[in-house]
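Read through the structure below, which is laid out as structure tokens, and then see the notes.
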């Protein structure tokens with residue numbers, strides 16, 4: 001494993017329509033080792049242009065932006081199959097926003113009221129393939145999902161899929177899961193695709209949330225920040 005000094009920096013695009021907010025976030029991100037903000041955007045369309053041009057490792061997006069929302073930008077990233085982690089950083093803590101963000105395919109959802117260290121860790125976790133969700137928001141979402149009558153499995157999960165889902169909940173990346181189970185990254189990816197379909201989920205985070213709400217994995221196991 002490489003030391004932090006030898007690792008390439010995590011390349012971040014920061015999109016928020018408030019200049020002061022962008023400046024503040026950029027300052028504490030770049031004060032952290034191995035994080036570099038390579039581009040900024042003040043609206044959703046500009047974010048898409050910058051994402052396509054620079055292909056950062058992580059996109060930090062606000063929800064409410066002119067021209068395209070952070071949710072729409074996330075959908076665009078996934079439709080283009082860009083290998084970019086998405087961390088939504090917003091002031092909105094309403095459950096419909098959280099669900100919409102996760103269904104769009106975001107890897108994480110952190111509130112702007114979080115401590116700078118939490119936001120920095122969120123960027124790092126998303127970069128490493130982990131799911132990030134504020135603990136309070138997670139509990140609200142789990143409760144909401146648990147109350148839904150349609151919250152059921154389309155098809156039962158296999159033992160292998162449950163193993164992979166449990167490791168996903170613990171924050172393991174595809175590579176780490178493959179190493180743990182002695183299977184290839186591609187096989188893990190294929191299993192996750194089946195899990196998403198069976199759970200009617202669009203992302204790792206949403207799949208973990210649904211699995212917790214159904215009692216398939218424990219909330220204590222899930223790696224929810």
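The values are calculated or read from the model by the stated rules, or taken from the named source; none is laboratory data. All values derive from a computational prediction rather than experimental measurement. No Cβ is skipped: glycine too gets one built from the backbone with ideal geometry, and neighbour counts run over all protein chains shown.
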- Message: With the requirement that a residue be out of contact with any helix residue (DSSP H, G or I) (no Cβ under 6 Å at 6 or more places or on another chain) and either modelled with pLDDT of 85 or more or assigned to a helix (DSSP H, G or I) (or both), what does region 138-179 give you?
- Response: 138, 139, 143, 147, 158, 159, 160, 162, 163, 166, 176, 179
- Task: Answer yes or no as to whether residue 123 is in contact with a strand residue (DSSP E or B) (Cβ under 7 Å, 6 or more places away or on another chain), modelled with pLDDT of 85 or more and either part of a helix (DSSP H, G or I) or loosely packed, with under 15 Cβ neighbours inside 10 Å (or both).
- Result: yes
- Query: Only one residue in 104, 39, 91 is at pLDDT below 90 and either in the same structural domain as residue 173 (by TED's automatic domain parsing) or crowded, with 16+ Cβ neighbours inside 10 Å (or both). Which one?
  - Reply: 104
- Exactly one condition in (1) modelled with pLDDT of 85 or more; (2) outside the structural domain of residue 70 (by TED's automatic domain parsing); (3) within 16 Å of the chain's Cα centre (by Cα) is not met by residue 188; state its number. (3)
- Before we move on, is residue 206 in a loop (DSSP other than H, G, I, E, B) and within 17 Å of the chain's Cα centre (by Cα)? no
- Query: Among the numbered criteria (1) more than 21 Å from residue 173 (Cβ to Cβ); (2) touching a strand residue (DSSP E or B) at 6+ places or on another chain (Cβ under 6 Å), which single criterion is violated by residue 11?
  - Reply: (1)
- Residue check, residue 75 modelled with pLDDT of 90 or more and farther than 20 Å from residue 25 by Cβ: yes
